[in-house]
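Input: a single structure, listed below in structure tokens.
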Amino acid sequence: MRRPHEQSPHGLFGRRRPVGALVATYSIAACDLEAGQWGVATQSKFLGVGSVVPWAEPQVGAIATQAYANPRYGPDGLALLREELSAEEVVECLTQGDDGRDHRQLGVVDDNGGSASFTGSKCMDWAGGRTGPCYAAQGNILVSAETVDAIAETFERTAGAPLAERLLDCLDAAQAAGGDRRGQQSAALLVVERDGGYAGLSDSIVDLRVDEHERPLEDLRRIYLMHQAIFGKTPPEDWLDVDDGLGTELRERLGRLGVEGELDATFNDWAGKENLEERVDGVERVDPVVLDELRRQT
């Protein structure tokens, strides 16, 4: 096993005992190699689970750290993945230098879709994990192993769908199978892709959290749908040509909103105020999502 050239400033192989809050949860770290995306989804009876569990970097990998979580597993694990260690090697490196490893739980997916899951011997029942190509599913203080099985089976069954939606489906399936035996409180979804985020200047495609809610998965799905309405991408072949008739409709509807002038300027001005600028590219063609919103408002 190849070691990294240098130790991280946080003491990658330093001795750490279990301290802090118990992040009892279920999660999946996963990737879609064809899309060039890596991500993590998680739910827990824990306040703000998204602040601890999910870590991901495009073309590098994804990590979920939980139970008596060691948050340093996130940045330190990504550093090891950048050194081209496999998921299994990363798990070994992180846990062997940690005195609290018996209380930790960890899932890792590397840049090739290799996966590994670790559950310490002192994690609270039910605790365990399951891995397959491009995913690592794990959980602790669960009703039963069926929760993790549901995550794995859902991920495998939904191949071909967008990664973010697959991860949300995995969380829903896990909850339906029993979930965290203490209940629900927070959830998070993180998906990254090189230059795939806002304006092509960010790697974060989706970075959403529900920090405290009676039904966090329902609220996470609601926020995701809002996110997609603003930042989602409609396939170019589904855009509509702006012919004379549609151009006249756009001008009339913008006029009803008090936005008047040259169509190119007014349409872009309105779209920007509605946070839809990522869905606009001139006025020769229009994204049907944007058109639907303009029609809804008028």
Just to confirm my filter: which helices (runs of 4 or more DSSP H) fall fully inside the range 211-298 and include at least 2 residues that are basic (Lys, Arg) and either open to solvent by 90 Å² or more (accessible area, probe 1.4 Å) or in contact (Cβ under 8 Å) with a residue 12 or more places away in the chain (or both)? 216-231, 244-256, 288-297
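Residues being among the polar types (S, T, N, Q) and touching a helix residue (DSSP H, G or I) at 6+ places or on another chain (Cβ under 8 Å): count how many of those fall in the range 132-168.
Matching residues across the range 132-168 total 4.
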For residues that are of a type in the set (D, E, K, R) and within 17 Å of Leu22 (Cα to Cα), scanning just the range 120-177, find the one that is farthest from the chain's Cα centre (by Cα). Lys122
Scan the range 189-202 residue by residue and report those that are on the phi < 0 side of the Ramachandran plot and open to solvent by 50 Å² or more (accessible area, probe 1.4 Å). Glu193, Arg194, Tyr198, Leu201
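The values are calculated or read from the model by the stated rules, or taken from the named source; none is laboratory data. All figures in this text were calculated on a predicted structure; none of them were measured in a lab. Don't worry about glycine lacking a Cβ; one is built from the backbone with ideal geometry, like all the others, and counts go over all protein chains shown. Heavy atoms of the whole protein, side chains included, go into the accessibility calculation; ligands, DNA and RNA do not. Shrake-Rupley method; radii C 1.70, N 1.55, O 1.52, S 1.80 Å.
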